[in-house]
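Asker: Just passing along the structure, written as structure tokens.
No value in this document is a laboratory result; all are computed from the given coordinates. Source: prediction; values computed, not measured. Here the Cβ positions follow ideal geometry from the backbone for every residue, glycine too, while neighbour counts run over all protein chains shown.
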Amino acid sequence: MSNEKITITVNGKRYDKEVEPRRLLSDFIRDDLRLTGTHVGCEHGVCGSCTVLMNGKSVRSCLTFAVMADGAEIMTIEGLGTAENMHPLQKGFWEKHGLQCGFCTPGMLMTAVELLKEKPRPSVDEIREALSGNLCRCTGYQTIVESIQRGAEIMQGGK
Amino acid sequence: MKPAPFRYVRARSVDDAVAALARDPEAKLLAGGQSLIAMMNVRAVKPETLVDINALSALDYIKVKDGGIAIGAMTRHETVKSSPLVAEHCPLLAEAYHWIAHRAVRNRGTYGGNLCHADPASENPAVALVTGATMVLKSAKGERTVAADDFFKGVYQTAARHDELLIEVRIPSRPKGQGWGFMEVSPRKGDFAMTAVVCTLELAGATVKTARVAYAGIADRAMRFAPVEAALTGKPANEATFAAAGAAARKAINPSSDFHADEAMRRDLAETLTRRVLAAAKARCT
């Protein structure tokens, strides 16, 4: 059960690490890299909280071994924006109250990033479809949908 | 929970992968991992060795071949879902993909892995049954093909031997005039089916020439039922016939009860969806 050497770029920074093959990408990000913005909810692929972008595409980091991400570029919520310089989607969530407890929010945001990259002006149905794999137990989703619409508006140059 | 420790082997080629399987009787294949890793996380399974086949980009393709399409086993769901070739040659598969998983799972999960996992509530095995798909299996000893009808054996069980790797799935193109239908009820769109019904339908005038109807979520595997198809073949293609097929489905299936749906509900769903899916297919027989 020997360890594997991997090289992963996370939010533009390269990491050379040794991991146990069973190390989940979610635990690698949180515990090895101490990037705790990625949240672990159900840990079996149901809730979507741990969603990150791998080579630009959304993946459930709890359903990916870190060794499978060897050579990949990962983007986590920490790579999206900062408190001082928020991503338009983060502004949207702030303005439209897209979160209450905030546990699901990183996964929601990373999912929405992929959506807006492909559909800069998604319909409500398209947003709901895109969010189907992400559970939120606080908001009832309505404000999340509105937040993503608002984020899209800001990205399109709206105020 | 976390997965139990395992030995990790990264296959660089198809030959590499089948050699690793031949070498180690405890080895399991790791494709997209969207079902396997979930089961490992809850320790429902503890494989000793995983052979990671994600580097096998040679198995990531969709092409036209011998009157149908050939899909490489490592093609990701999202690629199949958005493929114009699939939409053209196998519209039923394209339609089914509106119901298959969520985006992040489709980005990683593979078409071949999904079929080999053989979850009884998964959509793709049922689609493979009605479209007459063929699985191409490869081992260190050579290649063989298995018809979808002979491939699914039970819960997570297929005809693939331990040392075999699914490399390709061949699906005949939709014959001109063949209608198709797909309907599902699930707790959340993209989740596994409580019941899904898929069919293909060919008419001769106003009569059913051939009908294939398959079910997911109602037995230990995706299944077709002879009484359902017998209720259709040679009969007038009308509501009464479709209702008779639905009634036959209600009797033929062998569903269990779980948290999401009890047996009675699954029988109701099978009957109603059979009727509706056949009507939808008839409207597409053009």
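Asker: What's the angle, to the nearest 10 degrees (0 to 90), between helix B:14-23's Cα axis and the longest principal axis of chain B?
Answerer: 70
Asker: With +1 on each Lys and Arg Cβ and -1 on each Asp and Glu Cβ, how big is the dipole of chain B about its Cα centre, in debye rounded to the nearest 20? All intermediate terms of the calculation are to be shown ahead of the outcome.
Answerer: Working: 38 positive and 30 negative charges, 60 e Å.
Roughly 280 debye, rounded to the nearest 20.
Asker: Excluding same-chain residues fewer than 8 positions from residue B:46, which aspartates and glutamates have a Cα within less than 12 Å of its Cα?
Answerer: B:26
Asker: Here is a further query. Where does the charge balance sit around residue B:86 when Lys and Arg score +1, Asp and Glu -1, over other residues with C-beta under 15 Å from its C-beta? Show your work: numbers first, answer last.
Answerer: Working: positive: B:63, B:65, B:76, B:81, B:106, B:170, B:174; negative: B:60, B:78, B:88, B:95, B:123, B:168.
Residues close to residue B:86 contribute a combined charge of +1.
Asker: Oh, and also: Set the Förster radius R0 to 30 Å, insert the Cβ-Cβ distance between residue A:97 and residue A:42 as r into 1/(1 + (r/R0)^6), and round the FRET efficiency to 0.05.
Answerer: Numbers: r = 24 Å, r/R0 = 0.82.
E between residue A:97 and residue A:42, to the nearest 0.05, is 0.75.
Asker: Quick one: which residues, 5+ away or cross-chain, put their amide H under 5 Å from the amide H of residue A:24? H built at 1.01 Å from N.
Answerer: A:66
Asker: What shape does the protein assembly as shown take by its C-alpha gyration tensor, where a ≥ b ≥ c are the square roots of the eigenvalues and a/c under 1.5 counts as rounded, a/b above b/c as prolate, and the rest as oblate?
Answerer: Details: a/c = 1.98, a/b = 1.34, b/c = 1.48.
In terms of gyration-tensor shape, oblate.
Asker: A further question on this structure: Relative to the first principal axis of the alpha-carbon coordinates of chain B, what is the inclination of helix B:239-252, with its axis defined by its Cα atoms, in degrees from 0 to 90 and to the nearest 10?
Answerer: That helix lies at roughly 50 degrees to the long axis.
Asker: In chain A, how many lysine pairs have Cα atoms under 16 Å apart, counting only pairs 8 or more places apart or on different chains?
Answerer: Lysine pairs satisfying the spacing and distance rule in chain A number 5.
Asker: Roughly how many debye, to the nearest 20, is the charge dipole of segment B:7-52 about its Cα centre, given +1 on each Lys and Arg Cβ, -1 on each Asp and Glu Cβ, and no other charges? Working shown, then result.
Answerer: On the way: 7 positive and 6 negative charges, 34 e Å.
I would put it at about 160 debye.
Asker: OK, next. How much net charge surrounds residue B:163 when only other residues with a Cβ under 11 Å from its Cβ are counted (Lys, Arg +1; Asp, Glu -1)? Display every interim value, and only then the final one.
Answerer: Details: positive: B:23, B:138, B:141, B:161; negative: B:24, B:164.
Net local charge, residue B:163 excluded: +2.
Asker: Nearest 500 deg cm²/dmol is fine: what mean residue ellipticity at 222 nm does chain A get from its DSSP H runs of n ≥ 4 alone, each adding -39,500 (n - 2.57), divided by its residue count?
Answerer: Numbers: 4 runs with 43 residues, N = 159.
Computed ellipticity for chain A at 222 nm equals -8000 deg cm²/dmol.
Asker: Another question about this same structure. Multiply the residue separation of residue B:150 and residue B:4 by 0.36 nm, subtract the distance between their alpha-carbon atoms, and state the gained length in nm to one decimal.
Answerer: On the way: separation 146, 0.36 × 146 = 52.56 nm, distance 3.28 nm.
Once the chain is fully extended between residue B:150 and residue B:4, it gains 49.3 nm.
Asker: How much net charge surrounds residue B:221 when only the other residues with a Cβ under 15 Å from the Cβ of residue B:221 are counted, with Lys and Arg +1 and Asp and Glu -1? Before the final figure, lay out each step's value.
Answerer: Details: positive: B:153, B:224, B:266; negative: B:119, B:123, B:149, B:150, B:220.
Residues near residue B:221 contribute -2 overall.
Asker: Please name which of B:182, A:106, A:7 has its Cα lying farthest along the dipole of the protein assembly as shown towards the positive end, using unit charges on Cβ (Lys, Arg +1; Asp, Glu -1) and the Cα centre as origin.
Answerer: Projecting each Cα onto the dipole axis, the largest value belongs to B:182.
Asker: Stretch residue B:22-residue B:58 to full length: gain in nm at 0.36 nm per residue minus the Cα-Cα span? Provide the component values of the computation, followed by the final result.
Answerer: Working: separation 36, 0.36 × 36 = 12.96 nm, distance 2.03 nm.
Length gained between residue B:22 and residue B:58: 10.9 nm.
Asker: Below 8 Å between Cα atoms, with a sequence gap of 6+, how large is the relative contact order for chain B in percent? If you can, show how the numbers build up before the last one.
Answerer: Working: 669 pairs, mean separation 44.6, N = 286.
Computed over chain B, the figure is 16 percent.
Asker: Continuing with this model, one more query. Among all the lysines, which ones have a C-alpha under 21 Å from residue B:209's C-alpha, if same-chain residues fewer than 8 places away are not counted?
Answerer: Partners found: B:176, B:235, B:282.
Asker: Rounded, prolate or oblate: which one fits segment B:1-83, using the alpha carbon gyration tensor with axes a ≥ b ≥ c (rounded when a/c is under 1.5, else prolate when a/b beats b/c, else oblate)? Provide the component values of the computation, followed by the final result.
Answerer: Values: a/c = 2.96, a/b = 1.59, b/c = 1.86.
Because a/c hits 1.5 or more and a/b fails to exceed b/c, segment B:1-83 counts as oblate.
Asker: Quick one: helix A:142-155 against the long Cα principal axis of chain A, what's the angle to the nearest 10°, folded into 0 to 90?
Answerer: 90
Asker: Hey, how many Å between the Cα centroid of segment A:31-47 and the Cα centroid of segment B:116-168?
Answerer: Segment A:31-47 and segment B:116-168 have Cα centres spaced 33 Å from each other.
Asker: Just want to confirm a number: the relative contact order over segment A:4-79, from Cα pairs under 8 angstrom separated by 6+ residues, in percent. Working shown, then result.
Answerer: On the way: 147 pairs, mean separation 30.2, N = 76.
Relative contact order, segment A:4-79: 40 percent.
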